[in-house]
1. Starting from residues that are free of Cβ contacts under 8 Å to residues at least 60 places away in the same chain and hydroxyl-bearing (Ser, Thr, Tyr), keep the ones in the stretch B:160-211 and report whichever is farthest from B:Ile18 (Cα to Cα).
2. What number of residues in the stretch A:14-33 are buried (at least 18 other Cβ atoms within 10 Å of the Cβ) and either more than 14 Å from A:Ala186 (Cα to Cα) or within 12 Å of chain B (Cβ to nearest Cβ) (or both)?
3. Taking C:Leu48 and the conditions (1) modelled with pLDDT of 85 or more; (2) within 25 Å of B:Arg64 (Cβ to Cβ), which numbered condition does it fall short on, given that it satisfies the others?
4. Of all residues in the stretch B:277-308, how many are touching a strand residue (DSSP E or B) at 6+ places or on another chain (Cβ under 7 Å) and in a helix (DSSP H, G or I)?
5. Before we move on, is A:Thr53 at negative phi and more than 9 Å from chain C (Cβ to nearest Cβ)?
6. Which residue out of B:Gly199, B:Gly138 is in contact with a Gly (Cβ under 9 Å, 6 or more places away or on another chain) and crowded, with 18+ Cβ neighbours inside 10 Å?
7. Considering only residues of the stretch A:52-74 that are among the small types (Gly, Ala, Ser) and in contact with a strand residue (DSSP E or B) (Cβ under 8 Å, 6 or more places away or on another chain), which is surrounded by the fewest Cβ atoms within 10 Å (Cβ to Cβ)?
8. For C:Asp173, are the conditions met, namely being farther than 22 Å from C:Asp267 by Cβ and of a type in the set (Asp, Glu)?
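The values are calculated or read from the model by the stated rules, or taken from the named source; none is laboratory data. Treat the numbers as computed from the prediction; the structure is a model and nothing was measured. Cβ: placed from backbone, ideal geometry, glycine included. Neighbour counts: every protein chain shown.
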Amino acid sequence: MSRLQFAPDGQLRHLLSIDGFKPAQIHALLDRAEGLRSSTGGARKLPLLRGKTVVSLFFENSTRTRTTFELAASRLSADVVTLDVASSSTKKGESLLDTLAALEAMNCDLFVVRHAASGAAEFFARHAAAGVSVLNAGDGRHAHPTQALLDMFTIRQHKGADFGQLRVAIVGDLLHSRVARSDIQALSVLGVGELRLVGPRALLPDAFADFGASLYGDLDLALKDCDVVIMLRLQRERMRGAFLPSEGEYYRRYGLSESRLKLAKPDCIVMHPGPMNRGVEIASSVADGPNSVIQEQVSNGLAVRMAVMATVLGARTVQP
Amino acid sequence: MSRLQFAPDGQLRHLLSIDGFKPAQIHALLDRAEGLRSSTGGARKLPLLRGKTVVSLFFENSTRTRTTFELAASRLSADVVTLDVASSSTKKGESLLDTLAALEAMNCDLFVVRHAASGAAEFFARHAAAGVSVLNAGDGRHAHPTQALLDMFTIRQHKGADFGQLRVAIVGDLLHSRVARSDIQALSVLGVGELRLVGPRALLPDAFADFGASLYGDLDLALKDCDVVIMLRLQRERMRGAFLPSEGEYYRRYGLSESRLKLAKPDCIVMHPGPMNRGVEIASSVADGPNSVIQEQVSNGLAVRMAVMATVLGARTVQP
Amino acid sequence: MSRLQFAPDGQLRHLLSIDGFKPAQIHALLDRAEGLRSSTGGARKLPLLRGKTVVSLFFENSTRTRTTFELAASRLSADVVTLDVASSSTKKGESLLDTLAALEAMNCDLFVVRHAASGAAEFFARHAAAGVSVLNAGDGRHAHPTQALLDMFTIRQHKGADFGQLRVAIVGDLLHSRVARSDIQALSVLGVGELRLVGPRALLPDAFADFGASLYGDLDLALKDCDVVIMLRLQRERMRGAFLPSEGEYYRRYGLSESRLKLAKPDCIVMHPGPMNRGVEIASSVADGPNSVIQEQVSNGLAVRMAVMATVLGARTVQP
């Protein structure tokens, strides 16, 4: 996949996963996001993607992620097409590839794809015409690379660029989480000091130990002296299966409460990709408390997505 | 609520209801709408809100009102985000306030809210971050302030700014109408000469007499010598309850026919917020007749919404 | 209808069907499309419709056609309003004409209408205010004029402007196809050398012979020495009626396979309005083969729609 993502000259062409990224490539994207963030402080529009067309292809609903991508494109002055997938030609029996080809023929430049099937964005990228880019906005359990980038951006902002000094815990349903997978890869690339993965045994795949992570069943132990805690959203529908006890029991064992947070370092930051289940994986007082950077994550997500879009479309940053 | 709407320096920050407005404040908004209306006569775009983002949050469907708000924002060069409320994160269990906070974190500046619950827009305004404004596009039976402003704009245009000279009748289901509530408040603030409220007894709350209005059960009596008649839309679903007789019977007693209109002054203007039930509350020949200003109301609605948006976001009017 | 389409000075005001067009009028539109196509080669935006508002009124779903129209409008810098017809005021009992009037009062300039009823676009045009234009994006079985124009554009590009030299076959369900109707009219206006209409007897109306076309039941005979083959989309729902045999049987008799295509001239171009049923009316190897210009049709569709929009709104082409 990394050969699909990068052009021979090292230029990012698609963003499908964090797989294959080098530390400098991640930092370059974060630097660009930082530049864009300050230049849009006054909510100014930048002409970087003027005349470009961005297609939003969300086969899975996600108002929040879709909105940040569309806003990021608008702020860069691109035209945005939101394809109503439910009523699209694919219902008339047209293949996805024919739909893609038709949109390419209309001079669309960038496809933002979310799909329930792992590998969907890669499938699009593999068949995209020259000059067309694909961004993965979440595919099955596989990857959510812009979320990982915005999480790294947020950590770097608060803790500096030397990830080797940091102790990070990711807590929750790691088995089904594409956010966790992409965060783990990104932290691993950036050489995180210590990575702790925490959750019910059934939701904690052994394979993650390959990334040098330690697996914890006990949240109290795992939180000790952490610099960063990333709480995952609990997919309530998992509850119905055999995986999980009740919501109350889940909160008792894996919910982040104020008293529990005291086990981490005093300046530990608390992150969550949203939307949150307050009182299930996180206490409201923690979500809104002084250690929480959850709102900053949303705001950083906009800057990071602008940076990724401008980069894959080869837009040079101009003086605004 | 008026303390929520206005900043300490008197600047309008949110528009939630007409409650608390002073006559000069209403006239200032109408003056601004008048200026915008003439400057966009050639359908020109103004750069007043360039770089600003307006979020359209319609929990109740209303193509017409939603479209005017979104067009008003576009004409002022704002970016518009239409949140598909039906498929939004609130369905995933996220609270409305978390959705609001996420959108604020994406640098959204203005929320246009329509909701079936009275007080919904105020709820949003109460929790909005500094620098973020909320416009009420209709909440339950409570208020529809931009409709009231465009109605006042239309009356002023035809009858002049001295409302003390005017005899105005509002006809229909006043009990359930947010348009009526906001119109009554606005007319009262502007010192209307005489206000007549007309409808079936069960739909005519006594409390309205507090505004100095007279209550009428007989439309013929009420129309006598009126300068302005505002017909309300009949919510057909009310018909099923005990409130109302059949549509035919309603038209016979409260429908505005050509012959009935002759009871008013010859230059009486006829208004309706739309969409109309032709043949139920108003005859087609009146709706399309020489006294009707119903199409002007729609057109004025665009100018008034542009004025309100520019005002709450503190955009100074520049020479276009 | 032609008197409705053209102003007394010959200026195109609405585009409802190809009926009434003169050859020079078609060529003028294609010339303008060609100019726009080259000036937007770099996906640049043109300011031709800046400040204008285009309303997309799709009563029938069609992601592909709707998207090209909306993109065409955006590329010309117009504001685009997509009316969600399913949830519009017409559901509240408002008449279509009142909806149209309200949108006109908001200074909307151009309505793009698709509707299942033949004559729907004409109905809108007949009631449109002065200065407002209507484009037919497909009405029932009646007409799809922008598709015909983009098809003529594509043929002209490959075969030159002298249609008298050309032998063209249109293949499939001609009875129900508005594309076929508009293509036949356009080819007839442009003086096509020979026109062959091919399909199952029950789907081949005798009336088409009036256009000087020859009717064929046998595809092999009809393809002989053709310069252009236009394959029609098979509406699968027709299959249920008595009209057609199975899909397999249809493909065997009327599907365009590689071996069959050899009966036409070697440089014969293959066209299809999309979306395609691969393996039903056309083999995948033909759709993606060297004679296929199907992707070009999509791309040309954008240019042609930009040309039509700019023309009906009287936008003079400026130096971009």
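1. Filtering the stretch B:160-211 for residues that are free of Cβ contacts under 8 Å to residues at least 60 places away in the same chain and hydroxyl-bearing (Ser, Thr, Tyr), the one farthest from B:Ile18 (Cα to Cα) comes out as B:Ser177.
2. 3
3. Of the numbered conditions (1) modelled with pLDDT of 85 or more; (2) within 25 Å of B:Arg64 (Cβ to Cβ), the odd one out for C:Leu48 is (2).
4. Our first condition is that a residue be touching a strand residue (DSSP E or B) at 6+ places or on another chain (Cβ under 7 Å); within the stretch B:277-308, this holds for B:281-284, B:286-287, B:291-294, B:297, B:308.
With the extra rule that they be in a helix (DSSP H, G or I), the set shrinks to B:284, B:286-287, B:294, B:297, B:308.
Counting residues in the stretch B:277-308 that are touching a strand residue (DSSP E or B) at 6+ places or on another chain (Cβ under 7 Å) and in a helix (DSSP H, G or I) gives 6.
5. Details: at negative phi: yes; more than 9 Å from chain C (Cβ to nearest Cβ): no.
No; evaluated as a whole, the condition is false for this residue.
6. That would be B:Gly199, the only listed residue that is in contact with a Gly (Cβ under 9 Å, 6 or more places away or on another chain) and crowded, with 18+ Cβ neighbours inside 10 Å.
7. In the first step, residues of the stretch A:52-74 are kept if they are among the small types (Gly, Ala, Ser); the result is A:56, A:62, A:72-74.
Subsequent filtering for residues that are in contact with a strand residue (DSSP E or B) (Cβ under 8 Å, 6 or more places away or on another chain) retains A:56, A:62, A:73-74.
Details: A:Ser56: 22, A:Ser62: 18, A:Ala73: 25, A:Ser74: 20.
So, considering only residues that are among the small types (Gly, Ala, Ser) and in contact with a strand residue (DSSP E or B) (Cβ under 8 Å, 6 or more places away or on another chain), the one surrounded by the fewest Cβ atoms within 10 Å (Cβ to Cβ) is A:Ser62.
8. Working: farther than 22 Å from C:Asp267 by Cβ: yes; of a type in the set (Asp, Glu): yes.
Answer is yes for this residue.
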